[in-house]
Amino acid sequence: MQQQELFDWLKQAEKVLTTNRIAIDGHRYTAPSLDNQVFGRKDYDNQFLWDSCFHAIIWRRIDPQMAQDELLSLVSRQVKDGPDAGMIPHCNYWRGGGSWLWNHEERSALTQPPLIGVAALLVYQSSQDRSFLETVYPPLVAYHDWFDRRRDPDKDHLICLIHPWEGGCDAVPRWDAAMEFEQFTHEGGRERRIELAKVVVEHDTDPEALAKAGAFMIESMDFNAIRVADLESLAEIAAILGRSDEAAGLLGRASAIREAFQAKMVIDGRPYDLEGADERPVMMDSAGQFITLFGGCPTPEQAELLVSQLQEPRFWTPFPVPTSPTDAPTFAPDIYWRGNVWPSVNWLIFNGLRRYGYHDLAREFAGRSLELLRQSGFWEYYHPLTGAGLGGGTFSWAAAIVDMAATAQEA
């Protein structure tokens, strides 16, 4: 890619992000989409946790102050008291409206993949604003303390999810059994997720109480790997702030997760989710396996096996990477999270490949991802065989693909 082409893509990304930017109550954030044509969604003007992390990551290349504001608005709604003190909600309702589901007008009762430390470090590397790190560091430490205190009931260092929304990948087939689907449908899936949210609230978001009630519980391989990367970034932030003892402690916590990952989640060289309090392995191939590279959880030998699997035609489609392989009985590339290509997932896999030294493949992957924008523009997700845009249009996190292209060019 020529420098001028990258500049042009950054300008297009800026246009999308600016279109979706919202200023309210002294805060600024980027909504996923303000496109009124988003089918079935009326809440994409709210602020979502891992969406905003991706927004900040691309904003840092365009407007580092906006990138900082994006993350500061997230932590401003951190839970202050009660058993969930320290949690950063998966959704901030800046105009209110959350009570119908969460018993909280301004926030949800769940979280999402903890990518905020990763995003904060990347933003700082662009802004060099130490005061930003000093502001954001304590809330992020409290967030990870909450994970260990509240979401690790068996104290094995692996965090459990109590709702699919927490994984960010709402309707992936690998969680169908935990959601007790006999036959999945898009509308039925959404209704079941809303029903489960009400159950979660009824049980005060307590994983042990929910487990006794037989509700959804997953130890997610990719969620835990993302948390490892976030702890590593938080350790680097601690070191920048001169808190060397805290940095060592954070790295120790990341290592403990990796050890548990190896001990419990890897079967025949590949990682899998664990379901329920008895930790039954979910033996289903998915893009989540490749995301584990992002946290450095697989051994080099396991990574080689995963990279080989990634390049099989069932995953290395004309527009990779589908969340489910094309040969899976559940593969439905037109249906939400049932085998589509997601910019968020691709960004994580791309950076995981780079972490393990697969730079040539990562560059090819970034180029093929960019073809999605060339062909279809900025969409929520895409068809892996045709590249057609799906879901919401003028979608902010599609700009993460531009960050992939810029990073590939820098390497």
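Laboratory data are not the source of any read-out in this text; all were calculated from the coordinates shown. Every value quoted in this text rests on a predicted model; they were computed, and no experiment measured them. Neighbour counts are summed over all protein chains in view; Cβ atoms, including those assigned to glycine, are modelled from backbone coordinates with ideal geometry.
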FRET E, pair ASP45, ALA239, Förster distance 35 Å, beta-carbon r, rounded to 0.05: 0.40
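Sequence gap at least 6, Cα distance under 8 Å: using those rules, report the relative contact order of the chain to the nearest whole percent.
Across the chain, relative contact order equals 16 percent.
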Nitroxide proxy distance, nm - points 7 Å out along Cα→Cβ at ASP145 and GLU187: 4.7 nm
Inter-site label distance for THR299 and GLN375 at 7 Å from Cα along Cβ, in nm: 3.9 nm
Simple label model, 7 Å out from Cα along Cβ direction - ASP334 to GLU134, nm: 5.7 nm
Cα principal axis extents for the chain, largest first, Å: 57, 49, 44
Mean residue ellipticity (222 nm) of the chain, computed from DSSP H runs ≥ 4 via -39,500 (n - 2.57), nearest 500: -15000 deg cm²/dmol
Shape box of segment 150-229 [Cα atoms, principal axes, largest first, Å]: 34, 27, 17
Selected from MET66, MET283, MET217 as most flexible by GNM, with the chain as the system and alpha-carbon contacts under 10 Å: MET283
Theoretical gain in end-to-end length, ASP170 to ARG28 [0.36 nm per residue, Cα-Cα removed]: 48.5 nm
Extreme residue, positive dipole direction of the chain, given options TYR356, GLN68, SER308 (C-beta unit charges): GLN68
Highest-MSF residue in the chain out of GLN112, GLN183, GLN311 [GNM, Cα springs under 10 Å]: GLN183
Amide hydrogen neighbours beyond the local backbone of GLY339, cut-off 5 Å, H modeled: THR323, SER324, ALA332
Euclidean distance between Cα centres, segment 362-411 to segment 255-317, Å: 24 Å
Highest-fluctuation residue, VAL199, VAL228, VAL123 considered, GNM on the chain with Cα pairs under 10 Å: VAL199
Förster-model FRET efficiency, 51 Å R0, ALA277 and GLN4, C-beta, rounded to 0.05: 0.35
Segment ASP204-ALA263, length gained on full extension (0.36 nm per residue, minus Cα span): 18.2 nm
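How big is the charge dipole of segment 302-411 about its Cα centre, in debye rounded to the nearest 20, if each Lys and Arg gets +1 on its Cβ and each Asp and Glu gets -1 on its Cβ? Before the final figure, lay out each step's value.
Working: 7 positive and 10 negative charges, 13 e Å.
In total the dipole reaches around 60 debye.
If you look for lysine pairs in the chain that are eight or more places apart or on different chains, how many of them have Cα atoms under 24 Å apart? Don't skip to the end; give the middle numbers.
Working: LYS15/LYS42; LYS42/LYS198; LYS80/LYS155; LYS80/LYS198; LYS155/LYS212; LYS155/LYS264; LYS198/LYS212; LYS212/LYS264.
The number of close lysine pairs in the chain is 8.
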